[in-house]
Amino acid sequence: MTFAVKRDSILVVDDAPDTREVLQRNLAAQEYQVFTSPDVAGAIKILNSTPIDLVITDLKMPGVSGLDLVRHVRENFKDIEVMMITGYPTIEGAVTAVKTGAEEYLTKPFTDEELLSAVQRVLDKLHFRRNTQVQSSLKLPASYGCIGESEAMQGVFGAIDKAASTSATVLIIGESGTGKELLARAIHYNSSRASSPFVPVNCGAIPQELLESELFGHIKGAFTGATETRAGFFQTADGGTIFLDEISETSLSMQVKLLRVLQDKEVCMVGSTRSRKVDVRILASTNKDLLSLVKKGAFREDLFYRIHVITIELPPLRRRGDDILLLIQHFSAKFATEVGKGIPQFSDEALQTLRNYHWPGNVRELENVVQRLVIMTDGDLIEVPDLPSLMRFSALRETGFHRTLAEVEAEYIRNVLGSVNGNKTRAAEILGIDRKTLREKLKIS
Ligand SMILES: Nc1ncnc2c1ncn2[C@@H]1O[C@H](COP(=O)(O)OP(=O)(O)OP(=O)(O)O)[C@@H](O)[C@H]1O
Ligand SMILES: [Mg+2]
């Protein structure tokens, strides 16, 4: 996403022929395209007929003054920078120039260097502004807040449409960080339940002994510590949607209770003998292969069939082609705006490296990487050396096949670990091995 170099064009306006000539010669020597005019009237003619990037104008000229020209440019040409030359080194002159909209001013006499560095500064600002404008006005193809144009994601969007038009239970399958929760929200907010609550529950993060009372509520005195009667997530979600995130993490006894809710549309608060009707749509997600859990007896088969009425599978990021580039663009604009910086550009090589990386942590990993780059990179161009080292190294090795399986495995393990911030339990899950095996592999690599 680098832009082709175009010669900047500069219009010099000064009534003194000597000054015009000096400026013309100096700027032309730097490859700028230079136009000149001895007065404001001539300058306006040129502005109307020629694309100009920067106007350098004298302040004091017979007839119409330089300040009027600055005003004219500011009011009529938003995308042209102005620089003022004053022969009177007074604070007022400078202040007026800047207030009227001149980006810079130079006081006579000035050296060639002073002139050229001021011109460079102004033009840099202009380019930066233009690039950010181009980027922020680009329309990203987004559906339901999910960025994606790839065929794989088009399929997902189609499935969201269908799922949103019914109240059927949906099972969302996808690797960690692929956007399962985002998808669940999309289904809810595009369904007829949109004006009722969407309640996400992370089944893996709530201790199993608390999950029942969290989900169904409890009555006062149901257990030690239950000093008040409290509603659960299902009551909160009444009329809306509950999202059972990581449903594979629920205990078998919890699964029986969930099955009952699905079948009878009733919940029973902990400590109560009375069930109450709830009207809640259930969406569930998993990053595990539920069917193999069913075979192992770790997940109830009847619940499995109940929840996967509609199944939507989110493809991993590495199978979404150029969506990676769209997401980089999306997140760099988002984080740059958040921290009040201009939106950075990426060199073609940097984009290629990011595009080729295998993203074990998927969109969440990409989001974190772009956030770090936006915050940590000083310039407005992000290049390969700015990227995390594990990506640079995998880019270097793109060419040829000369690594052993053990090396490839070791690198992959390190990448997965990096993507989950060193969390070994999570890494082992993603790798499909147990923690002990992971520890052994780490010792070897
Ligand atoms: N297609 C997308 N477009 C824009 N942002 C996305 C997209 N997919 C995911 N994200 C963003 O990536 C992050 C991770 O998404 P989300 O939490 O939905 O993933 P997940 O599959 O639930 O992850 P986990 O398995 O770790 O819970 C979120 O910040 C989300 O907004
Ligand atoms: Mg999630």
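Some observations on this one:
- Enumerated helices (runs of 4 or more DSSP H) restricted to segment 1-80, each holding at least 2 residues that are of a type in the set (Asp, Glu): 17-29, 66-76
- The lone criterion from (1) part of a helix (DSSP H, G or I); (2) modelled with pLDDT under 90 left unmet by HIS402 is number (1).
- Test: residue in segment 360-369 that is within 20 Å of CYS146 (Cα to Cα), over 16 Å from the mean Cα position of the chain (by Cα) and either surrounded by fewer than 18 Cβ atoms within 10 Å (Cβ to Cβ) or within 16 Å of ligand 2 (Cβ to nearest atom) (or both): yes
- Of all residues making up segment 134-157, the number that are part of a loop (DSSP other than H, G, I, E, B), modelled with pLDDT of 90 or more and within 16 Å of ligand 2 (Cβ to nearest atom): 0
- Matching residues in segment 240-264 - criterion: being more than 16 Å from ligand 1 (Cβ to nearest atom) and within 20 Å of ILE187 (Cα to Cα): GLY240, LEU262
- Any hit, segment 272-287, residues being touching an Asp or Glu at 6+ places or on another chain (Cβ under 6 Å), away from ligand 2 (no atom under 16 Å from the Cβ), more than 22 Å from CYS146 (Cβ to Cβ) and polar (S, T, N, Q): yes
Table: residues versus (1) without any contact (Cβ under 8 Å) to a residue 40 or more places away in the chain; (2) in a loop (DSSP other than H, G, I, E, B); (3) buried (at least 21 other Cβ atoms within 10 Å of the Cβ); (4) within 16 Å of ligand 1 (Cβ to nearest atom).
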position: ARG185; (1), (2), (3), (4): no, no, no, yes
position: ALA194; (1), (2), (3), (4): yes, yes, no, no
position: LEU210; (1), (2), (3), (4): yes, no, no, no
position: PHE223; (1), (2), (3), (4): no, yes, no, no
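- Subset of segment 335-348 [at pLDDT below 90 and part of a helix (DSSP H, G or I)]: THR337, GLU338, VAL339
- Of all residues in segment 370-389, those that are among the hydrophobic types (A, V, I, L, M, F, W, C), in a helix (DSSP H, G or I) and crowded, with 16+ Cβ neighbours inside 10 Å total 4.
- Cβ-Cβ under 6 Å pairs, at least 6 apart or on other chains, segment 271-292 side touching a residue at least 40 places away in the same chain (Cβ under 8 Å), far side away from ligand 1 (no atom under 16 Å from the Cβ) and outside any loop (DSSP other than H, G, I, E, B): GLY271/HIS218; VAL278/PHE234; VAL278/VAL267; VAL280/PHE234; ALA284/ILE307; LEU290/PHE304
The values are calculated or read from the model by the stated rules, or taken from the named source; none is laboratory data. Remember, it's a predicted structure, so these values are computed and weren't measured experimentally. Positions of Cβ are generated from backbone atoms using ideal geometry, with glycine treated the same way; all protein chains shown enter the neighbour counts.
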